[in-house]
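Here the structure comes first, spelled out in structure tokens, and everything after it is commentary.
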There are 4 protein chains.
Amino acid sequence: MVQVNLINFTPNAELVIAAAARLSSSSARTRELLEKLSPERVDGLLCQLISSGHLSTFEHVSFTFSIEGISRVTSHQLVRHRLASYTQQSQRYVPLKELHYITPPAISTRSELEAEFQRAVKAAHQLYCDMLEKGITAEDARYVLPSAIETQLVMTMNARELMHACSLRLCDRAQWEILQLFEKIKVEVEKVAPRIGAELRPKCYRLGYCDERESCGLFPTREEVTGS
Amino acid sequence: MVQVNLINFTPNAELVIAAAARLSSSSARTRELLEKLSPERVDGLLCQLISSGHLSTFEHVSFTFSIEGISRVTSHQLVRHRLASYTQQSQRYVPLKELHYITPPAISTRSELEAEFQRAVKAAHQLYCDMLEKGITAEDARYVLPSAIETQLVMTMNARELMHACSLRLCDRAQWEILQLFEKIKVEVEKVAPRIGAELRPKCYRLGYCDERESCGLFPTREEVTGS
Amino acid sequence: MVQVNLINFTPNAELVIAAAARLSSSSARTRELLEKLSPERVDGLLCQLISSGHLSTFEHVSFTFSIEGISRVTSHQLVRHRLASYTQQSQRYVPLKELHYITPPAISTRSELEAEFQRAVKAAHQLYCDMLEKGITAEDARYVLPSAIETQLVMTMNARELMHACSLRLCDRAQWEILQLFEKIKVEVEKVAPRIGAELRPKCYRLGYCDERESCGLFPTREEVTGS
Amino acid sequence: MVQVNLINFTPNAELVIAAAARLSSSSARTRELLEKLSPERVDGLLCQLISSGHLSTFEHVSFTFSIEGISRVTSHQLVRHRLASYTQQSQRYVPLKELHYITPPAISTRSELEAEFQRAVKAAHQLYCDMLEKGITAEDARYVLPSAIETQLVMTMNARELMHACSLRLCDRAQWEILQLFEKIKVEVEKVAPRIGAELRPKCYRLGYCDERESCGLFPTREEVTGS
């Protein structure tokens, strides 16, 4: 079961974003801006930046998460977000002695399937352990391991990329596990940067419509809204 | 078994790199340079750029490969190279009806292990098919599939990143499967851009020493060469 | 006056994009797809990808331009697009013996201002030449050169980033010179990849509304369209 | 005159890097590692990572600088480092009423040249102000401004890219102004992350030789060290 912990982040994230944004269009000096901007002004500036899609200043702050208990299915999807930094526990160098794995809810809610799923995963892990004992390296033995196997990693993303990743991964079309992961990421960000956390939402909120062929119902489609 | 086909690339790759490099330090115009540079001059310029590590002009050319028959182990490693573009066959949307998988040589050369490995992979795939029939979606059923399962993808990399990726993945420390993959990539590049292809080599060639803690023997270690 | 020449590009751009997109959701092999997809099917696939914002396959093709006759004002803006490759003529190593510079239309259309502008630019260039003669290096002498001075560069961008850059730089809010530059880039792309060229448009076309605070009139604002 | 202030950074930078590195090759959990790693162990791990060139974990920490008093010459060079985030004071929206500019030492040390340089810069700025008064916009009037004009920006870089940028910009071949800038950046980093700060050095330190055609003398050339 996925666990997300925010282990590091740039402090004063929202103030720094607002100060950078002000710098670009004023003759003030950055340090003055950092001292003078009131919380209300910061909030107003962030609002404006977001609504007009001027998101580059959101790159100045970043968040580092410890992510545990996700399947290799999901870690493979996750690392496709290229504007981020990942350190993943290596299956090449770390033998997986204990078995931890993820069962999709669609399977765990059907007891006869769950039993078979569990049996298969355990059998694969048993063979993995046997191969290790017989001198096969961890990097080769892992070929038998199912994608359900849990992994852990450290991920750093800046706020702009977090907003982008969430726009896709909190969408109804995302698979349940990565959606769950980003819901937990959102909760962690909200604790330390509530204004940014609030913006971690499916893309339809920013667009004002759903740009997929079919809407989940949250927003009408692009065609319904714009007429084209 | 991995198959690599170069399906697209920027033509005249080496001429374009040389012309761009000349542009940066001459008052000539790019189109003149493209017309006037002789093959010998191109070769000389590329040599110089490489030996002094001025590699940015190598970004102007790129290569697109169709990659088939690699395991999910290797596709997961591959997509960690972030300065490249990937389109991978989706296990969410494409049910894997036929079973194709990779057996590591360390396993396939030991017949008793291979038999068990094969049995386990086939059993997992059988359960996968059963789950599909019982209404589980492909995206959920795949949790049971082993990492050995083959995947295919299209990858585009520019020449600079190719050189970087090869510097790591053609190193003796890389796992056999990704090393094989990049050996085939090198062969494909050599056919259309021999000077670039020749530079797709482990990092020790460029460094003049091995910077890992232990050398495979190809080059002496940094300490042996530089004394520190 | 800006001149843009497409000096290199990945051939069959639109076919490759469509084939990659098909690969991701079918069990076909890439090479089969490259052979079988009809021009109409390619067109339909590109349409679909664009309307749903699934743009990653557009990264598989890239375009290399020779850009001449832009001011340093514009080259400084241009290189802020980070997902691209640039080789710029160096003011450190190349002495600018001939004077070429850009006069903004707002100045060139007012003859008394234009005369003063011209005089100032020429005086600065004269001092630059004097300093070179007196032994100042080009890299230091250039501090006196105005931003109007022309530069040339080679730029490579993939189709996805080109679409993104155009969404901003063909917007009415962009400055006239960089807008002109991207209009010429669009013309060049249209010659070899008409479907992609047609998509090089201000962001309002994709959004269906203007997301800036005030619209230029081409599209109504987000609020007018979505009600929020 | 360049001023650099570190206005934000990820705290506990070195501990986080070391913990991420340990995660990748152990079965420990990230949070345990963050609690247990002693300062000596952190130091040892960082040393090892650097000497073997395994730098990806250095991406997990970043530094945000306020940079003031650099010329447009140097800001144009700086933003060429693409793996970083910049917010620059806009010459489009901010009229430069006060004149601040950089004089290269090679010019300021020759009084007759300095006088002419100053006169030229002041004349250009005067014309700029006149044009503003006559209704020319700041974005167009700036074409007459010399490259010596000061700008300010906010820059965020992660530690890996900082090490890379310094490897080039602290090299003797870099121009004096950007070299000065990165020397000040190094001083700022050293205050909060001394181990990382110490690694902000020209590339020859990491290589063990100079890979340029001619060495400044700090290290022997590649050929002298490796024999090829």
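A short reminder: the numbers here are calculations on the coordinates, not readings from a lab. Since the structure is predicted, the reported quantities are computational estimates derived from the model, not experimental observations. Here the Cβ is made from the backbone with ideal geometry for all residues, glycine too, and neighbour counts use every protein chain on show.
General remarks:
- Computed about the Cα centre, the dipole magnitude for chain C is approximately 520 debye when only Lys and Arg (+1) and Asp and Glu (-1) carry charge, each at its Cβ.
- Scattering profile of the protein assembly as shown at q = 0.05, 0.06, 0.07 Å⁻¹ [log10 I(q)/I(0), Debye over alpha-carbon scatterers]: -0.29, -0.43, -0.59
- The fewest-to-most ranking of B:Arg119, C:Arg22 by surrounding Cβ atoms within 10 Å reads B:Arg119, C:Arg22.
- Amide N proximity, region C:1-21 versus B:Ser90 label position 7 Å along Cα-to-Cβ, cut-off under 13 Å: C:21
- Working note: Karplus 6.51/-1.76/1.60 with θ = phi - 60° gives region B:40-55 the couplings 5, 5, 4, 4, x, 5, 4, 4, 4, 4, 5, 5, 9, x, 8, 9 Hz, where Gly and Pro are set to x.
- Projecting the Cα atoms of A:Pro146, A:Leu168, A:Ala106 onto the charge dipole of chain A (Cβ charges, centred on the Cα centre) puts A:Leu168 farthest toward the positive pole.
- Table column - 3J(HN,Hα) (Hz), region D:79-85, Karplus curve with 6.51, -1.76, 1.60, x for Gly and Pro: 6, 6, 6, 7, 8, 7, 10
- Cα-projected label distance for D:Ser108 with B:Lys36, points at 7 Å along beta-carbon direction, nm: 4.0 nm
- Ellipsoid semi-axes for chain A, based on the Cα gyration tensor and the rule √(5λ), read 41, 23, 13 Å when sorted largest first.
- Put in order of Cβ neighbour count within 10 Å, fewest first, the listed residues B:Asp130, B:Asp211 become B:Asp130, B:Asp211.
- Relative contact order of region A:47-181, taken over Cα pairs closer than 8 Å and 6 or more residues apart, is 45 percent.
- Computed helical MRE - 222 nm, the protein assembly as shown, DSSP H runs ≥ 4 contributing -39500 (n - 2.57), nearest 500: -14000 deg cm²/dmol
- Taking each residue as 0.36 nm, the span from C:Ala115 to C:Lys184 lengthens on full extension beyond its C-alpha to C-alpha distance by 22.0 nm.
- Fewest-first ranking of C:Ile50, B:Ile107, using other Cβ atoms within 10 Å as the exposure measure: C:Ile50, B:Ile107
- Charge sum, other residues only, whose C-beta stays under 15 Å from D:Glu223's C-beta, Lys/Arg counted +1 and Asp/Glu -1: -1
- Whole-number percent relative contact order across chain D, with pairs defined as alpha carbons under 8 Å at least 6 apart: 25 percent
- Share antiparallel - DSSP beta bridges, chain A, percent rounded to 5: 95 percent
- Surrounding net charge for B:Asn5, when Lys and Arg each add one and Asp and Glu each subtract one, Cβ distance under 15 Å: -1
- When you filter the GluC sites (Glu not before Pro) in region B:170-228 for DSSP loop state and at most 16 other Cβ atoms inside 10 Å of their Cβ, you are left with B:Glu214.
- Distance from the Cα centroid of region B:67-131 to that of region C:24-44 is 24 Å (rounded to whole angstrom).
- Under 5 Å between amide hydrogens, built in the peptide plane, is the criterion, and for C:Tyr101 it picks out C:Glu150 among residues at least 5 positions away or on other chains.
- Within the protein assembly as shown, percent of DSSP bridges classed antiparallel, to nearest 5: 95 percent
- Taking amide hydrogens as placed 1.01 Å from N in the peptide plane, the amide H of B:Arg201 sits under 5 Å from those of B:Ser167, each at least 5 positions away in sequence or on another chain.
- Nitroxide proxy distance, nm - points 7 Å out along Cα→Cβ at B:Ser25 and B:Glu223: 3.7 nm
- The HN-Hα couplings worked out from phi for region A:166-181 by the Karplus form 6.51 cos²θ - 1.76 cosθ + 1.60 (θ = phi - 60°) are 5, 4, 8, 8, 9, 6, 4, 7, 5, 6, 3, 6, 6, 5, 4, 4 Hz, whole numbers, x standing for Gly and Pro.
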